[in-house]
Structure formats: structure tokens, C-alpha cells
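The values are calculated or read from the model by the stated rules, or taken from the named source; none is laboratory data. These figures come from a predicted structure and were not determined experimentally. Using ideal geometry, Cβ is built from the backbone for each residue, glycine included, and neighbour counts are taken over all protein chains shown. Areas reflect the complete protein model, heavy atoms only, side chains present, ligands, DNA and RNA absent. Shrake-Rupley method; radii C 1.70, N 1.55, O 1.52, S 1.80 Å.
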Amino acid sequence: MTVNWVEIQDKWQKKWADAKLGVATVSDKSKFFMIFAYPGPSGYPHVGHMRGYSYTDMITRYERMQGKEVLFPLGMHASGNLASGFANKIKNKDEQWITYLRTNGCPEETIPTLITPEAVIEYFNEVYVEDYFKKFGFLCDWDRYTCTTWKDYEKFIQWQFLKLQQKDLLVQKPYFATACVVHGPVAVDPSETDISKGGKAEKQEYTLLKFKFGHDYLVAATLRPETIYGQTNLWVNPLVKYVKVEVEGQNWIMSEQAAEKLKYQKDDVILKEGINVKDLIGKTAIAPGIDKEIPIFPASFVDADMGSGIVTCVPSDAPYDYIALKTLEENQTLQSQYGLNVNVKLIPIIESKGYGEFPAQEIVQKMNITSLEDPKLKDATAEIYKVGHHSGIMRANCGIYAGKRVEEAKELVKQDLIKKHKADVFYDLSEEVMCRCGEPVVIKRIDDQWFIKYSNQELTDKTKEHVASMNIYPKEYKENLPGILDWFQDRACVRLGNWQGSKLPFDDKWIVEPIADSTLYPVFYIISKFTKNGTLKVNDLTEEFFDYVFLGEGKGKKAWKPIKEEFDYFYPLDINLGGKEHKTVHFPVFLMNHVGILRKEDWPQGIFINNWVTGKGSKISKSKGGAEPIPQAMEKYGVDAMRLYYAHIGSPHADVVWDEPVVLNYKNQLEKIYGLVEKLNESNGEAKLIDQWLISRMYKHLQQINDSMKEYSLRELASIVYFTIHEDLRWYVRRGGVNKEVIHEVVSMWLRLMNPITPHLSEELNPSKDLISSSSWPQVNESKINPNAEAGEELIKTAMDGMRNVMKLAKLEKPSTFTLFVSDGWRYTLFGILAEKINETRNVGDIMKTVLAHESLKEHGKDVSRIVQSILKDVSRLPYVVTSREEELAVVKEAQNFLSQEFDCIVKISEDLNHEKAKSATPGKVGILVE
RNA sequence: GUGGACGUGCCGGAGCGGUCAAACGGGCUGGGCUUAGGACCCAGUGGCUUAGUGCCUACGCAGGUUCAAACCCUGCCGUCCACACCA
């Protein structure tokens, strides 16, 4: 059978739109407001993105069916430089990107127009909504769609920053930013949106040690200031060009490259002259902190691009230093070339776990490293650094730091040296980074950088307290959040340069940085409706207006009343859903801005974290595949199959792998269901015993679903609806169920349960005119839950198994006659004394307590455990409620009918309780005799 | 480094102290249907078995708590993720 999914999708999406199902208005119902972290215009959404988005639609559909007034709005986070990055690639006719646009269905004539950020944003505003969200069946309130680069949004952000300032949550202080030498600040991260190279680079804080050298200073950059006590000499590289520069009135000597970088971090770095390396080697300098004169030696491993191009040598704890020293000691030619007499004694300074006095020496010997070229040196350094940092204790010769942990001493030594002007701070990148424009990226000091004061103790405490009352899924994240909030420090919130975004209201050279302008925005969906429909003009969005609507301050104009009413109705936000990448930045700032600015009753109520869809064996990415374009995927699998895949393949809070055959399986499953429902609809027959079973099962499933949906366990919902119920219905059909009324009742329930995950299928299979998407969730009817009916089916299944087994053993192809011996099991009463307890509770622990407490069982002594186990097994098999033997036999009669058909043979029932087969049968089951 | 998560059958993944040789899918094997393939339907899929759903061995490794542990505790090994102008 083939189902035309595309046609079905289009048909129902149109009907939903016509019925305006997504439109949210103030009503007397209770409300449900949910969003997902809006996307940015970085490209087309891929199968990974659609996962979390789909969850939002599933949850809001579920809540809508619970009778809530649902607000599910959407927007585009276009701030930052994603759009300009995108536009630049098209402008530069980047083949890869143009192909990417084509494969994703961008019309040929549109491609050349996407050369400005504005055009890119506009294009994606359209594409996201029309080709992705609507096509995925999302029931959003499109009247509220917003984009962060629109004028009305800017007004809102400016208000937000005014409030932050008024609440003293903004501060200006120096900042060391990663910046392109031409374009200003850029983001250095693995996604490489701003840069063309070096995404993995880290900003490292070096301590710049100043070695007195005559009237000048040699400056050596180190990541381990605490090791100054072990310094034996300085390293310079004879092949590196060194220069003398004037910095803050002093002369510093460093590599030319370092001086270049330092210009961005210090004022007035004036180049004075080049230095001849030969004038350095063999001389001495005064080491800071220990005030000791140490020699300057040559070493080839010193890199002009790293740090200052001068390295202080600590051979006891730095493998490179140790090997370099060894090499030099053994190289008499080199020594005499520079007139050196190298005879260095190692100084033990750190007590590292598992190592002796000289960890560097030890590890180098252990790893058999003899040359500076050995790549293992890197690992050795990392290992020593790790052990030293982690477990190290400063030894007795380390002055006032003796006995302190390395971790602690590091910071103290640094601070102390800086205070005494014997050191400075220098930032550098751990590897080379290039801007998209081809210029190098450096670390640049910005003096008047604005920060949001997330370190504010009151704000942090209030937020932590609020988190405790929130609904957060998964719960592990709820436990982590307080820690994250404590750790969260002040964060730069504006940037200089040509970015998309809102201007800072009181200092308009700054553009609000994209993370800072996406923190409080759920409130804006209240406003966007009115700016879009013309009720509000951009100029109406004054501080007074926002204060009135969002904070309830002031009297407000009459025209603002309905807007405030909407805000008061829909706020607070019930759930904000976002990927796990948002855990440490987006969600904390989202919370803190709400807490910092809004009234307590408007603080968010919930967070839902969804994990990723990964490619097979690797992260999903545009180049590596796995990023199957959605339009093609929708056609190939159908939207419902994809939604079901998302819901069922794994917990929302675990990563899953995008695996085509698996998605096809889900499509297949849906088609099986489609076929089954069609077949069921043709049924028109008698009521049978099995009807009660089916109805009972359905209500039990519903109960279970309702239970798990309290936590939005979409996987559980999917599992029951698409697999367990499907299986039940197949059994129903197999057992000859044909009751039209029952089928109608069950299918109608089933379709409604399907709506959150596969809305199109549910509508398509619905015979009635009313939309399932606007119907209500089925109600549990406990009186229809019938344990006896279920027990009966259990018996039939067991008898079937038994018969099959017996046939196999007797090697019978087709026996003529079976006799079923009904054991006395239904009234079987484990040890007599337990009967009451078992009837009272099915809880094994409770039964257990009775067993253990009972005198007469003590005789079983040491073997209690075993007895307990056997009792428990029997408990589990006792089919629910003890009834009369007549009822028992009625069920067996049912089995008799069914089994004789199934096996095409004669099935008899014997009531002979003394027959050996009846006696040997497990309680609650049947003994079987075959002839 | 800091913080977090995870490790179950041929595979994906349930189970979160007793109804567990382990749901549900997939794969594989056998049977049915069919001209054939696909789809669909049925059965089987740790080992041994005196056949009684009985015994044994299993849920990364090693211990511990308990009448009872895949599930709780401790240590170890391994995998993955987030860490601040990327949203």
C-alpha cells in the first residue's frame, strides 16, 4: 500500500490554517505559553534542528487538547553576524555555499540577490516559516512572528537595557576581546562563523615575567607563574628577531611578533630598536620573584609566535626545558660558539603525586624522549602540567607559598608579582586565528566595554531560588543550574563593529551582542502582534509604554489596556525549549534577565532541554552528510514519520543518530497503522468477549500516557500509541474482534492520542468532519478497566504457548485433540496466610514484609530468600481478582473456541482437578494433554 | 582543568530495588501468502535441559549494602558533552 504523504500534509495544513488553530487570544480558559529558542539565519534547518522544534509542536498540541489556550509564537534571531557572513559567501561566489543553496531548493534567481545581510534575513524569514515550520505541521501564532533586526524589536531591546542600567546591572570595564585587526571583535569558536581558521583556539592568560637586564627588561610569558622558584635560565631562539619596545615608560625586549600583538593590549607600545640575539646569549638577567641572576641560553624550540618569544626555563617541571638543557649541555660546539659553560642544577619545587623531585626528568626518561623534535614532548608536558596542577604542593623552598596547593599558588604568585610590578598580564591565542577577511585575529583590549553584571549576588540568589520552583526537564539540569548560576560572571553584552542588532540606547556606538538581546524576548511576542497589525507604531514603543505593559507601572494610555491584558494573561512563559548547547549560556541569562527586570509573577515556569541528532559516527554537519535537506527528507519519509522518529527513537534528553533506514521503518509503521485502521473501519459485526479486553487495555494505556505526559515523556507516548496499541489491535483482529461500536470508540481515541506526534495521519484517518487538532484529549473511564478481561486473555496466550510447546515436544504436525485441564489456581492462596495481603496489595515489598514477619515461615530459615522468590513469581502470575470457578471456566471456554480455530483441531475442557495435568499446571494456568 | 551525562542482547534502545533471560523496534532464521520480488501474517532468536517455563550464566570491571541489585554505595576503566562576543 502506498500512502501519499505529501498530499495529506498539504491538505491538512491548509485546513488548520483556515481554521486559525494557532491563533492565541485572551480567553477564560487557562493558558499555555511555550517557545523554542528561535533560530538564526545561518543556513537551512537540518534534521537535527527540527527535532527540538517538533517537540514544541507536540507539547503545545497536547496542551491544546487538554483545553488550554496555547500560545506558540516564533521568531528569527538575526542579530550578530550570521547574516553578513552568509551574504559575504554569496558575494564572493563561494561555490560550496551556492551548491548548498541549490541543494536546499533556493530558486536560481534568488541566489544572486542574497548579497546583503538584510536580503539574507528577509529570505530566511520567509523560508523558515513557509518551507519548514508550516510544512512540519506546526500550529504557531504566525501573527506574532518577529525578527530581532526589526525596528520594533530594537525599541524593546533598548528598553531592556535601560532597565538593566536603572537596576544597576550594567557596568563598564576593560575587556580583552578576540578581534580581527581590521574588523574588530570576532567570535572564536568551533563553528567558525566569524573566522576562517583557528576555531579551536583558546584565549590564554600568560603571566609576563619581567627580567631585569641592565636598564631594560626581558619579558618571558608563562602559563605557570608558580614555577618561578625553579627557574635556572632564560631561553631565546637565535633565529628569532627580537626588538626593544617602550611600554609604559619601560623598555621591554621580546620577539617582534609579540610586540606586534602587545600593541593591541597596551597603550603606547613604541618600537625603539632591533636587538641582536648574540648580545643576549651568555649574559644574565635578574629573575623576578626570586631576585636571582640567571643566564640566557639559546634554544630552538622557542617560538616567536607563542607568548613573548622568550621562555623562562624550569627544567624540573617542564619537559621541553629539561630536554633543551640536556641537548645544550651535550653540545660542546654550540656552547663554545657562544662561549658558554652550561652546568645547571635542577631545583625541586613541586611535590607531584606519583613523581619524585624532578617530574620533567622522570617522565622524559619514562617516555624515552631524547630530542626536542620528539612529538611525545607535547604529551609529556600536558601530563606533568595536569598532575602538577591537580595534585601538586609547593615545596619548602618556595617562600611564602611553601605547602600551598599549586592551583592556589599559581594565582597568588601572579597577583603578587603584578602588584610588585615584576610581572604583567598578556593574552594570547593558543593557535593562529584568521578572520574571514584574511587578516589575523589578535587579543585586543577594550577599555569601556559594557558588561551585564551577572555576578550580582542578589540577582544570582533570587534566580537560584526561583529555579527551585521551576519545571525543568530533564531534572539533572535543574540540579546543575544553581552551580551554573554561581559560576556565571559578568558578561560582555555589546560589541563594536558592523553587526546586525540593536543600538545601545545611551551609547549608540555599541551594538547589543546577540546573546544579550535574546534573553527577555518571550515578552516581545505579546507586542509583536500589535506592531504587525498596525495598532502600535514603532514610535509608540516608549519607555512609558513598556513600563506599563510589562511592569504594570504608570497609568498607561487607554489603547494600551488590551495589550497589557494579553501580557497579564499569557505571561509567565510556561516552557522555553532549547538544545543542550544552551545549558551554560542561553538559559542562565534568559533566567537572570527575567528575574532582574520583571515582576516575580512573570518569571519563567519551565525549561525543556533537547539533545541532538548526530550523523553516523560524527556530528551532523553540512559537509559530512547527515544533513539531509529537509525538503527532500519530507518528501522521502513524510513529515509524520520524521516527527515519530524524533519522538520515539530515544529520550528527548539523549543524543540520537540520524539513520535513514530507521526513519523509513517509522514511515513503514505509520503505513501499517494506516492500513489497519482502514481494515478496522470495514468491520461490522457482533459484540464479543474480546471487546471488553480491548476497551480495558485502551483506558489503561490512556492512564499510563497521562501519567508520563505530566513530565512530557514524548517517547513513552510514542511507544504506547504507535506500537503497543497497534499490537493490541492486531491481537483484537486475530481474536476475531469485529464490533463496530467498539472499534469506533477505540479508533477515535487512538486518533486523538496520535495527534501531537503525527497530526496529519490522525486527521487523515478521522472519518468525522471535525478536526482532531482542535478536539479534546480522551478522558479516562476507570469503570471500563476490566482486570478479568485481561486475565482471560493472559490465560489464552498461555494456553497457546503451552499447546505449541506440547506439539513441538510430541513432534506433532497437527494433533487431533487437545484437552485443557483447568487448575485450581485462581483461588490459589500462597501459604493461606498471604491471601489477604495479596488481595489487598500488589506491592511486592509489602507482601514481602508480611512474609518476613510471619512466625510460621521462620522454619524455612536460611532459605528464606529462595522461598520469597518463588512466592513472588507466583504472586506475579496470579491473575488479578479471585473470582468464581464459573467465571474461570467461561474464560477457558473462550480459549477453547479460539484455540480450536487457531490450531484447527478439537479442544476439550476437563474439570478434573485431580488429574495429574491439572495438578502439575502452574496456578492460574492450564495443563494440557494432547492426543 | 571545571562541571555534567552515559556504558544492557547481533544492533537501536526500555527497565531505575522484587511480576527480568530482559519491553518495543530493527536484523537474522524458519513457516504462511504470492507467478516472483516487495509488503503483510505467524513462530524462533544466551546456555543446559529429566520438559516443570526447571536450572545455570548474563546488564563496562572490581568490591560493598540487602532476604533480594542491571537498578543503591565505593573505586577503577571507557565513551560523550558544555564551558562565556557561537547561537
* Asked: Pairs, please: C-beta under 8 Å, at least 6 apart or cross-chain, first residue without any contact (Cβ under 8 Å) to a residue 40 or more places away in the chain and in the stretch A:20-34, second open to solvent by 30 Å² or more (accessible area, probe 1.4 Å) and basic (Lys, Arg)?
  -> A:Ser30/A:Lys68
* Give me a count of the residues in the stretch A:142-162 that are under 23 Å from A:Asn593 (Cβ atoms), of a type outside the set (A, V, I, L, M), open to solvent by 10 Å² or more (accessible area, probe 1.4 Å) and in contact with a helix residue (DSSP H, G or I) (Cβ under 7 Å, 6 or more places away or on another chain). => 5
* **Per-region count, the stretch A:411-441, residues assigned to a strand (DSSP E or B) and over 34 Å from the mean Cα position of the chain (by Cα)** => 4
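Every residue, every condition in (1) farther than 22 Å from A:Lys532 by Cα; (2) surrounded by fewer than 17 Cβ atoms within 10 Å (Cβ to Cβ), yes or no:
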residue: A:Pro112; (1), (2): yes, yes
residue: A:Thr116; (1), (2): yes, yes
residue: A:Asn125; (1), (2): no, no
residue: A:Glu130; (1), (2): no, yes
residue: A:Cys140; (1), (2): no, no
* Asked: Of the residues A:Asn576, A:Asn533, which single one is open to solvent by less than 10 Å² (accessible area, probe 1.4 Å) and in contact with a helix residue (DSSP H, G or I) (Cβ under 9 Å, 6 or more places away or on another chain)?
  -> A:Asn576
* Residue check: is A:Glu458 under 30 Å from A:Leu591 (Cα atoms) and either out of contact with any strand residue (DSSP E or B) (no Cβ under 6 Å at 6 or more places or on another chain) or in a helix (DSSP H, G or I) (or both)? -> yes
* Structure fact -> Considering residues that are in contact with a Gly (Cβ under 7 Å, 6 or more places away or on another chain) and open to solvent by 50 Å² or more (accessible area, probe 1.4 Å), the number found within the stretch A:411-433 is 3
* Asked: Counting just the residues of the stretch A:633-684 that are among the small types (Gly, Ala, Ser) and open to solvent by less than 30 Å² (accessible area, probe 1.4 Å), which one comes out nearest to the chain's Cα centre (by Cα)?
  -> A:Gly650
* To do: Determine whether the stretch A:212-225 contains at least one residue that is buried (at least 16 other Cβ atoms within 10 Å of the Cβ) and near RNA strand B (Cβ under 10 Å from one of its atoms).
  => no
* Asked: If you go through the stretch A:221-231 one residue at a time, do you hit one that is among the β-branched types (Val, Ile, Thr), more than 30 Å from A:Phe86 (Cβ to Cβ) and at pLDDT 95 or above?
  -> no
* To do: Give the residues of the stretch A:454-481 that are of a type in the set (S, T, N, Q) and either away from RNA strand B (no atom under 11 Å from the Cβ) or within 20 Å of the chain's Cα centre (by Cα) (or both), sorted by residue number.
  => A:Asn456, A:Gln457, A:Thr460, A:Thr463, A:Ser469, A:Asn471, A:Asn480
* Every residue from the stretch A:378-427 that is more than 30 Å from A:Val269 (Cβ to Cβ), at pLDDT 85 or above and among the β-branched types (Val, Ile, Thr) -> A:Ile400
* Of all residues making up the stretch A:205-258, the number that are closer than 20 Å to A:Lys272 by Cβ and assigned to a helix (DSSP H, G or I) -> 3
* Any residue at all in the stretch A:683-704 that is within 13 Å of RNA strand B (Cβ to nearest atom), β-branched (Val, Ile, Thr) and assigned to a helix (DSSP H, G or I)? -> no
* Specify which of the listed residues (A:Tyr385, A:Tyr355) is within 16 Å of RNA strand B (Cβ to nearest atom), open to solvent by 30 Å² or more (accessible area, probe 1.4 Å) and in a loop (DSSP other than H, G, I, E, B). => A:Tyr355
* Asked: Does the stretch A:734-750 contain at least one residue that is of a type in the set (Asp, Glu), near RNA strand B (Cβ under 10 Å from one of its atoms) and more than 29 Å from the chain's Cα centre (by Cα)?
  -> no
* **Restricting the stretch A:586-608 to residues that are touching a His at 6+ places or on another chain (Cβ under 7 Å) and either within 10 Å of RNA strand B (Cβ to nearest atom) or part of a loop (DSSP other than H, G, I, E, B) (or both), the residue that is nearest to A:Leu162 (Cα to Cα)** => A:Trp603
* How many residues does the stretch A:312-340 contain that are among the hydrophobic types (A, V, I, L, M, F, W, C) and open to solvent by 40 Å² or more (accessible area, probe 1.4 Å)? -> 1
* Does any residue in the stretch A:719-742 that is under 23 Å from A:Phe903 (Cβ atoms) come within less than 7 Å, Cβ to Cβ, of a residue that is near RNA strand B (Cβ under 9 Å from one of its atoms) and in a loop (DSSP other than H, G, I, E, B) six or more places away or on a different chain, and which pairs are these? -> none
* Structure fact -> Restricted to the stretch A:897-915 and to residues being of a type outside the set (Phe, Trp, Tyr) and in a helix (DSSP H, G or I), the residue most open to solvent (accessible area, probe 1.4 Å) is A:Gln901
* **Qualifying residue in the stretch A:737-751 (condition: open to solvent by 10 Å² or more (accessible area, probe 1.4 Å) and over 15 Å from A:Asn681 (Cβ atoms))** => no
* Under 6 Å by Cβ, and 6 or more places apart or on different chains, what pairs join a residue from the stretch A:467-491 that is touching a residue at least 60 places away in the same chain (Cβ under 8 Å) with one that is near RNA strand B (Cβ under 6 Å from one of its atoms) and outside any helix (DSSP H, G or I)? -> A:Ile484/A:Thr584
* A:Asn766 is checked against (1) in contact with a Leu (Cβ under 6 Å, 6 or more places away or on another chain); (2) touching a residue at least 24 places away in the same chain (Cβ under 8 Å); (3) not in a helix (DSSP H, G or I) and fails just one. What number does that condition carry? -> (2)
* Say we look at the stretch A:707-728 and pick out the residues that are out of contact with any strand residue (DSSP E or B) (no Cβ under 9 Å at 6 or more places or on another chain) and more than 10 Å from RNA strand B (Cβ to nearest atom); which of these is nearest to A:Leu689 (Cα to Cα)? -> A:Asp728
* Asked: If you scan the stretch A:186-211, which residues turn out to be open to solvent by 20 Å² or more (accessible area, probe 1.4 Å) and either within 12 Å of RNA strand B (Cβ to nearest atom) or at positive phi (or both)?
  -> A:Ala187, A:Val188, A:Asp189, A:Pro190, A:Ser191, A:Glu192, A:Thr193, A:Lys200, A:Glu202, A:Lys203, A:Gln204, A:Glu205
* Can you give me the number of residues within the stretch A:69-89 that are touching a Ser or Thr at 6+ places or on another chain (Cβ under 9 Å) and at pLDDT below 90? => 8
* Is there any pair linking a residue in the stretch A:610-633 that is in a loop (DSSP other than H, G, I, E, B) and modelled with pLDDT of 80 or more to one that is surrounded by 19 or more Cβ atoms within 10 Å (Cβ to Cβ) and among the basic types (Lys, Arg), with Cβ under 9 Å and at least six apart or on different chains, and which? -> A:Asn611/A:Arg51; A:Trp612/A:Arg51
